[in-house]
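Report on the structure given below.
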Amino acid sequence: MLTEKLKEIDINFWDQTLSPGHLFIQMGPKLLSLLEAGQVIDKNYLNKYKNSKLFIESKIDSKKYEMFMELFDQLKNIKFEKPNRDHCKLIMSKIVEDWSSSDSHLLTFALACFNTFNSLPTSELSRIDNTDIRLFKKSLYSSCIAVVTAMSNDFYEFSILQDFYQITFVMDFGLCDASYSFHIANAVDAESTGAGNGLLYLEKAKASVNERNLFLGHPEKSYKLLESEHINLHYPELSSIVLYQHETTTGNGFPRGITKREVSSWDAICLYADSIVKMTAIEQLESNCMSYLISESNLKQDLLPVKRVFMKLKNMFHYFQENKKEERVAS
């Protein structure tokens, strides 16, 4: 049944990589779902419906999306430290303003980040999307949170932010395998509560050897993708961060076992962004991102080498929220 939220798609839809909303096809009086918001637009699959009536329930705010795209485009051309810093503060103020809105949806900012920073071809994106749409959304949202966390931790250059984005985005691509399963998905979320909890879950669930090997080996597989021709990091030495995604402040975890002293701010930002997004809480994150980040981070910050980067992120939220209140009082 058609509603006022549904609109017939326009020609621009076919030029996009990710769907900005839920896509439906009208079959008589009924609407059948074809794609979720944020999912990879598989043009080969959708081509057979191209002459049918397709409708989209958009989940993004087009004006805010264009604003973020313009702000990122401007940042790309800024070459000096102070203008970089000032411009990133402007971006952060707009993020807080957006995420404080009751009708905000994280996909707006996530798509702006994706279309600005991503360099992976559709074939690679489709691999993880076809493996598990929730796993793909975890990558999509973790990477945009890495950008925000980086800016709040005094990283302002466009090239650095792009590296943070791409490193975090590929963290779980190593899980794209025939052995991926319900157990693996649960292990990914379990791991976000503390290093080693994913493997512990798999052992309790009596997962197969293939499932355990896939989970333990996926950082190395993700690292190989990061080293491939698809991604050109501005700082290639940072690619090893992917290998440390399950570390704790004490060095417990896998696959390398580094100590707290060896966990840099670079590592911590990517580790925080990757671990904070749970696949079972995607909808909560989408609709109330700022509250989700603060509540989840408060629960787990002592378990991860991320307390210092989270506190700066939290302080950034607070600073711009207070500024907004003062502006409203003054007006």
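The values are calculated or read from the model by the stated rules, or taken from the named source; none is laboratory data. None of these values were measured; they are calculated from a predicted model. FYI the Cβ positions are ideal-geometry reconstructions off the backbone, even for glycines, and counts take in every protein chain you see.
All of L200, L125 fail the test of being of a type in the set (A, V, I, L, M), assigned to a helix (DSSP H, G or I) and without any contact (Cβ under 8 Å) to a residue 24 or more places away in the chain, apart from L200.
The conditions of being over 21 Å from I11 (Cα atoms), modelled with pLDDT under 95 and buried (at least 20 other Cβ atoms within 10 Å of the Cβ) are not met by D103. Within region 172-218, work out how many residues are more than 12 Å from D132 (Cβ to Cβ), out of contact with any His (no Cβ under 7 Å at 6 or more places or on another chain) and among the hydrophobic types (A, V, I, L, M, F, W, C). Adding up the residues that qualify gives 9. Just the residues that are surrounded by fewer than 11 Cβ atoms within 10 Å (Cβ to Cβ) and among the hydroxyl-bearing types (S, T, Y), please, taken from region 59-86. Correct list: S62 only.
Every residue in region 8-24 that is among the acidic types (D, E) and under 13 Å from I41 (Cα atoms), please. I'd like the intermediate steps shown before the answer.
Pass one, region 8-24, residues among the acidic types (D, E): 8, 10, 15.
Selection gives D15 alone.
Suppose the filter is among the aromatic types (F, W, Y), modelled with pLDDT under 95, in a helix (DSSP H, G or I) and out of contact with any Asp or Glu (no Cβ under 9 Å at 6 or more places or on another chain); does Y65 pass it? So Y65 fails the test.
Taking the residues in region 128-150 that are hydroxyl-bearing (S, T, Y) and under 8 Å from the mean Cα position of the chain (by Cα) as candidates, determine which candidate is surrounded by the most Cβ atoms within 10 Å (Cβ to Cβ).
S143
Reported count of residues in region 214-238, each being part of a helix (DSSP H, G or I), loosely packed, with under 13 Cβ neighbours inside 10 Å and without any contact (Cβ under 8 Å) to a residue 40 or more places away in the chain, is 2. Within region 158-183, the set of residues being crowded, with 24+ Cβ neighbours inside 10 Å and among the β-branched types (V, I, T) comprises I167, T168, V170. Of everything in region 69-120 that is in contact with an Asp or Glu (Cβ under 7 Å, 6 or more places away or on another chain) and outside any loop (DSSP other than H, G, I, E, B), the residue that is nearest to F158 (Cα to Cα) is N84.
Name, by its number, the condition in (1) surrounded by 16 or more Cβ atoms within 10 Å (Cβ to Cβ); (2) on the phi < 0 side of the Ramachandran plot that does not hold for K43. Result: K43 fails condition (1) only.
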